[in-house]
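Structure first, commentary second.
The values are calculated or read from the model by the stated rules, or taken from the named source; none is laboratory data. Please read all numbers here as calculations on a predicted model, not as lab measurements. Cβ atoms come from the backbone with ideal geometry, glycine included; neighbour counts cover every protein chain shown.
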Amino acid sequence: MLTYILRRLGAGVLLLAIVTMVTFVIFYVVPRLAGQTTEQLATMYVGKAPTPEAIQATIDRLNLDQPIALQFWEFIKGIFVGAEYQFGRDIVQCSAPCFGYSFQTYQEVFPEIINRLPVTLTLGLGAGVIWLVGGVTVGIISAIKKGSIFDRLSMGVALAGVSMPVFFTGLLALAFLVHAWGIFPSPGYTPITENPLAWATGMILPWLTLAFLQAAQYARQTRAGMLETMGEDYIRTARAKGLKERTVVFKHGLRPTLTPIVTIFGLDIGLVLGGAVLTEQVYSLNGIGRYAVQAIVQSDLPVILGVTLFGAFFVVICNLIVDLLYAWVDPRVRVSG
Amino acid sequence: MTPTGHSAEPTTEPVVRVRDLKITFPTMDGDVHAVDGLSFEVAPGGALGIVGESGSGKSATSLALMGLHRGTKARITGEISVAGTDIVSASDARIRELRGNDIAMVFQDPMSSLHPQYTIGNQLIEAYRTHRPSASTAEARARAVEALERVGIPDPAKRINSYPHEFSGGMRQRVLIAMGLVCEPKVLLADEPTTALDVTVQAQILDLLEDLRQDLGMALILVSHDLAVVAGSVDEVLVMKKGKAVERGDVRTVLSEPEHPYTQALLAAVPRVEVSRAQRRAEIRADRAAREGGSAAAPQPTGASVRPEKQESTTPGEPLLKVENVRQRFKVRGGMFGKASDFYAVDDVSFELYRGETLGIVGESGSGKSTLSRMIMRLLQPTEGRILFEGRDITKLPERQLRPLRRDIQMIFQNPYSSLNPRLTIGDSIGTALKVQGEKDGKLIKKKVQELLERVGLEPSHYNRFPHAFSGGQRQRIAIARALILQPKLVICDEPVSALDVSTQDQVLRLLSELQDDFNLTLIFVAHDLAVVRQVSDRVAVMRKGRVVEMSDGDSVYEDPQHEYTRQLLAAAPVLDPDEAKAHRAERARLRAEAKKAAASEGTAA
């Protein structure tokens with residue numbers, strides 16, 4: 001088991017290294033291959049007034065005229081020990097995990113991301129719990145009562161849920177539930193340390209919106225998985241032992257059904273933590289996703305790069321957790337892993 | 001033995017009584033009567049065998065005894081009484097109390113009947129505590145260990161914490177039996193408990209069931225498609241066909257003087273290890289001549305390719321296939337810090353095969369027989385040794401140069417359900433091979449395929465049907481047609497009949513025998529069933545752990561086995577005569593005791 005964990009950890013670290021490299025290549029190497037000159041590249045990092053002097057300064061500052069390997073080295077060094085940028089007469093510090101420095105807002109990227117992290121974490125984890133519990137519950141009931149009114153209704157809703165994007169359901173919810181009927185308070189983020197009640201009530205609509213889309217998918221997956229599992233031979237064995245139907249379903253049927261669900265959940269949660277772009281944008285929540293959108297609109301490359309890396313980091317971490325959970329859920333993985 | 005298990009003595013109340021049982025499944029095409037007016041009784045401690053082909057309703061009956069049709073669309077009428085409770089009308093709660101406590105069931109497929117994500121201990125303890133809620137976990141655990149010990153799981157106190165995938169198929173079946181035993185039920189219901197297992201393991205499981213029945217006084221209901229499996233284990237036998245009992249009576253009477261034609265046909269279909277190849281061929285040729293009428297004196301209808309008899313065929317020049325000292329190595333990953341170690345699936349095997357000859361390869365799962373056939377097909381490249389086909393070394397030919405060879409060597413696989421593409425019509429499935437080899441004339445392909453379909457006993461009009469429209473036996477005929485369409489020089493059959501019912505198996509074997517006559521086929525016939533192999537093979541090789549332990553002409557392997565392992569295999573083969581079956585059982589017990597003694601003395605010596 002220990003070797004399994006170590007091996008997975010090693011694989012995770014390796015994956016992060018590869019992601020970093022690929023991200024670097026995309027932002028620093030591919031544009032050159034596409035024919036961009038060093039000056040054009042530098043223009044993207046300059047900020048507001050791309051004067052020739054400013055461009056030259058940026059080239060020097062980011063070593064854009066140096067060999068790629070050196071640039072990559074500086075990039076990696078920045079992440080581990082920080083970086084300093086010459087800026088006119090000032091020296092700008094970008095401390096230890098330096099994922100870049102925005103020359104448009106004159107801010108380090110990493111602290112900006114960390115500032116926005118609580119919003120995204122609250123949104124992602126809260127919605128994750130709702131969609132996992134809700135989706136799986138609905139899926140199980142649908143599978144057990146296959147063909148019933150509940151099954152048909154919930155699967156109909158699920159189909160609709162899967163097909164409706166967040167910016168549609170979100171805007172509808174805002175227009176009707178908040179503004180027209182006033183059922184929910186106006187959504188917004190209040191830190192939980194300040195006012196837990198406001199924290200929860202402000203987030204409830206974003207949670208539900210994000211969860212609705214995902215829960216629909218989970219309900220369908222759970223239902224299909226459960227139906228398949230309940231047809232397995234070992235379910236018949238469990239019934240033949242004289243177990244109560246409840247035990248048969250929840251002990252023998254649920255665990256194999258949940259095994260693949262855990263995998264998908266890990267991926268989805270990882271993606272959402274990297275920035276629930278649409279939900280944050282619709283509800284004007286100042287999270288990582290919104291930060292990314294703003295950066296894209298302003299072509300603020302260092303920020304885009306930083307957010308991308310950060311998102312990849314979450315996906316890798318969540319996958320690692322899933323791998324470890326998987327070994328616990330399914331004993332067969334332990335020997336073959 | 002307790003030969004007093006006749007149902008004619010109504011001294012004790014029967015523990016299972018079924019009267020006029022009808023099971024109906026409503027389908028889109030109307031009702032299907034899976035079981036239609038079935039009646040039987042089993043006395044306490046008695047043993048009943050239920051025999052029938054797939055679709056005869058025997059499994060539907062066993063599920064009904066457990067009340068496992070509840071919640072499905074099946075309609076059940078009649079009376080089923082188990083340990084005094086009426087299964088048809090009892091409440092769900094009462095049925096649950098009964099299951100596992102009064103009547104326990106052992107299922108066909110031990111690989112899929114245990115939950116893969118819980119330890120066997122967890123599953124056993126659960127079974128016990130369901131019916132003994134007051135028992136402590138420690139007590140239940142002790143009971144579980146005891147049950148595992150009872151069914152012969154070595155080191156049960158430790159193995160109880162293992163997961164099902166850490167056991168072999170035979171061991172898993174023992175675990176399932178232990179699960180059935182843990183509450184000491186009055187009736188043990190075993191539905192094809194050995195169909196998925198090797199012959200020797202099958203014999204062990206049947207012996208175990210017999211021992212348990214003797215020691216614990218349980219009644220046994222043994223369901224199987226094979227009369228030979230039930231012969232040595234039951235007092236009474238019930239033969240089912242299409243949901244009805246066609247014959248029922250004392251096992252000796254039914255087997256020695258079967259009254260119903262269906263029982264007679266079933267009996268005739270059981271492959272008999274004592275019937276020699278020559279006898280069997282003569283019989284099949286006579287049957288064929290009679291069937292085709294006319295030239296009974298000259299039973300080779302095509303006349304063109306008269307197959308030489310074994311005695312004459314010993315003077316061919318060049319062997320078609322020559323296998324020289326081949327080995328196949330696989331790397332096995334070790335335990336936690338384990339280094340990869342080598343495992344030889346096939347270890348130093350040599351033989352020659354001449355045109356028109358059939359070589360039977362017998363062995364249990366893991367003996368390397370499938371690996372060997374894959375090497376000859378060159379689906380695997382041998383690690384060492386040489387394979388010569390028509391004098392040409394094909395051991396290391398690259399894939400491109402193998403193409404023409406693929407035409408000459410064809411294979412028939414074990415599972416007719418998964419080896420046909422479900423989205424291709426059988427005409428396409430068979431004809432594709434011709435197309436791949438460069439035939440472009442669509443009409444000609446169709447004509448050839450239809451001729452062959454007719455030859456393997458199907459209709460030419462089946463050309464445009466899909467595989468799902470065919471039964472297992474028919475699908476295997478299609479697989480045979482597919483293999484023969486290119487007129488291969490060598491056909492390798494890898495367990496071609498082991499997935500089929502006894503009667504279907506017999507038909508497919510007859511077909512192969514006829515085709516040997518017609519096409520002068522050279523066959524390698526791989527199987528785990530000694531009797532089946534004897535029927536088709538001129539020579540027989542017995543494989544064990546990658547090595548050929550014995551090889552000679554078919555009859556001498558069976559009549560005068562030289563190797564200890566061959567004798568074990570022969571002793572494990574099920575036989576139809578109940579008394580002989582018992583003699584075999586005693587012989588097996590003796591062999592086991594000897595082995596145990598040998599192991600013990602080795603242990604003290606070490």
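Brief remarks follow.
Residues are listed down the side, and each one gets a yes or a no for (1) at pLDDT below 90; (2) within 17 Å of B:Leu114 (Cα to Cα):
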site: A:Val248; (1), (2): no, yes
site: A:Lys251; (1), (2): no, yes
site: A:Val262; (1), (2): yes, no
site: A:Gly274; (1), (2): yes, no
site: A:Val277; (1), (2): yes, no
site: A:Val322; (1), (2): yes, no
site: A:Tyr326; (1), (2): yes, no
site: A:Pro331; (1), (2): yes, yes
site: A:Gly337; (1), (2): yes, no
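- In the stretch B:29-45, the residue that is surrounded by the most Cβ atoms within 10 Å (Cβ to Cβ) out of those that are over 12 Å from B:Arg75 (Cα atoms) and not small (Gly, Ala, Ser) is B:Val42.
- Some residue of the stretch B:410-429 being polar (S, T, N, Q), at pLDDT 85 or above and in contact with a Phe, Trp or Tyr (Cβ under 8 Å, 6 or more places away or on another chain): yes
Matching residues to (1) hydroxyl-bearing (Ser, Thr, Tyr); (2) within 11 Å of chain A (Cβ to nearest Cβ); (3) surrounded by 20 or more Cβ atoms within 10 Å (Cβ to Cβ):
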{"residue": "B:Tyr128", "(1), (2), (3)": "yes, yes, yes"}
{"residue": "B:Ser136", "(1), (2), (3)": "yes, no, no"}
{"residue": "B:Arg141", "(1), (2), (3)": "no, no, no"}
{"residue": "B:Val151", "(1), (2), (3)": "no, no, yes"}
{"residue": "B:Asp155", "(1), (2), (3)": "no, no, no"}
{"residue": "B:Ile160", "(1), (2), (3)": "no, no, yes"}
{"residue": "B:Ala178", "(1), (2), (3)": "no, no, yes"}
{"residue": "B:Val182", "(1), (2), (3)": "no, yes, yes"}
{"residue": "B:Val187", "(1), (2), (3)": "no, no, yes"}
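- Qualifying residue in the stretch B:308-324 (condition: closer than 28 Å to B:Gly169 by Cα, basic (Lys, Arg), out of contact with any His (no Cβ under 8 Å at 6 or more places or on another chain) and modelled with pLDDT of 60 or more): no
- A:Leu205 vs. criteria under 25 Å from the mean Cα position of the chain (by Cα) and either under 30 Å from B:Ala190 (Cβ atoms) or buried (at least 21 other Cβ atoms within 10 Å of the Cβ) (or both): yes
- Number of positions in the stretch A:85-112 that are among the acidic types (Asp, Glu), modelled with pLDDT of 75 or more and either touching a strand residue (DSSP E or B) at 6+ places or on another chain (Cβ under 6 Å) or assigned to a strand (DSSP E or B) (or both): 1
- Options A:Ile269, A:Ile264: the member that is within 12 Å of the chain's Cα centre (by Cα), farther than 18 Å from A:Phe110 by Cα and part of a helix (DSSP H, G or I): A:Ile269
- Unmet criterion (only one of (1) part of a helix (DSSP H, G or I); (2) within 11 Å of another protein chain (Cβ to nearest Cβ); (3) in contact with a Ser or Thr (Cβ under 8 Å, 6 or more places away or on another chain)) for B:Gln173: (2)
- Lone qualifier among A:Leu210, A:Leu172 - being in a helix (DSSP H, G or I), surrounded by 14 or more Cβ atoms within 10 Å (Cβ to Cβ), of a type outside the set (Ser, Thr, Tyr) and away from chain B (no Cβ under 14 Å): A:Leu210
A quick yes/no check of all residues on (1) under 24 Å from the mean Cα position of the chain (by Cα); (2) more than 30 Å from B:Gly71 (Cβ to Cβ):
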position	(1), (2)
A:Ala158	yes, no
A:Ile192	yes, yes
A:Ala198	no, yes
A:Ala216	yes, no
A:Thr247	no, no
A:Arg255	no, no
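- Only one of the numbered conditions (1) exposed (fewer than 15 other Cβ atoms within 10 Å of the Cβ); (2) at negative phi is violated by B:Gly438, and that is (2).
This table checks each residue for (1) under 24 Å from B:Pro496 (Cβ atoms); (2) in contact with a strand residue (DSSP E or B) (Cβ under 9 Å, 6 or more places away or on another chain); (3) surrounded by fewer than 22 Cβ atoms within 10 Å (Cβ to Cβ).
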position: B:Ser341; (1), (2), (3): no, yes, yes
position: B:Leu353; (1), (2), (3): yes, yes, yes
position: B:Thr358; (1), (2), (3): yes, yes, no
position: B:Glu384; (1), (2), (3): no, yes, yes
position: B:Ile387; (1), (2), (3): yes, yes, yes
position: B:Arg392; (1), (2), (3): no, no, yes
position: B:Thr395; (1), (2), (3): no, yes, yes
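- Every pair of residues 6+ apart whose Cβ atoms lie under 9 Å, when the first sits in the stretch A:218-239 and is within 11 Å of chain B (Cβ to nearest Cβ) and free of Cβ contacts under 8 Å to residues at least 60 places away in the same chain while the second is assigned to a helix (DSSP H, G or I) and charged (D, E, K, R): A:Thr229/A:Arg255; A:Ala238/A:Lys251; A:Ala238/B:Glu126; A:Arg239/A:Glu245; A:Arg239/B:Arg96
- Restricting the stretch A:241-255 to residues that are within 13 Å of B:Gln123 (Cβ to Cβ) and part of a helix (DSSP H, G or I), the residue that is farthest from the other protein chains (Cβ to nearest Cβ): A:Val248
- Of all the residues in the stretch A:100-138, those that are of a type in the set (S, T, N, Q) and surrounded by 19 or more Cβ atoms within 10 Å (Cβ to Cβ) number 3.
- Qualifying positions in the stretch A:297-337 - among the hydrophobic types (A, V, I, L, M, F, W, C), within 14 Å of another protein chain (Cβ to nearest Cβ) and in contact with a helix residue (DSSP H, G or I) (Cβ under 7 Å, 6 or more places away or on another chain): A:Leu325, A:Ala327, A:Val329, A:Val333
- Counting the residues of the stretch B:73-117 that are more than 8 Å from chain A (Cβ to nearest Cβ) and either within 24 Å of B:Val151 (Cβ to Cβ) or not in a helix (DSSP H, G or I) (or both) gives 25.
- Only one of the numbered conditions (1) in contact (Cβ under 8 Å) with a residue 40 or more places away in the chain; (2) buried (at least 24 other Cβ atoms within 10 Å of the Cβ) is violated by B:Arg99, and that is (1).
- Enumerated helices (runs of 4 or more DSSP H) restricted to the stretch B:476-573, each holding at least 3 residues that are polar (S, T, N, Q) and crowded, with 20+ Cβ neighbours inside 10 Å: B:502-519
- Top-ranked residue of the stretch A:260-286 - restricted to ones that are of a type in the set (S, T, N, Q) and crowded, with 18+ Cβ neighbours inside 10 Å, ranked as farthest from the other protein chains (Cβ to nearest Cβ): A:Gln281
- Filter result (among the aliphatic types (A, V, I, L, M) and part of a helix (DSSP H, G or I)) within the stretch B:428-475: B:Ile430, B:Ala433, B:Leu434, B:Val436, B:Leu444, B:Ile445, B:Val449, B:Leu452, B:Leu453, B:Ala469
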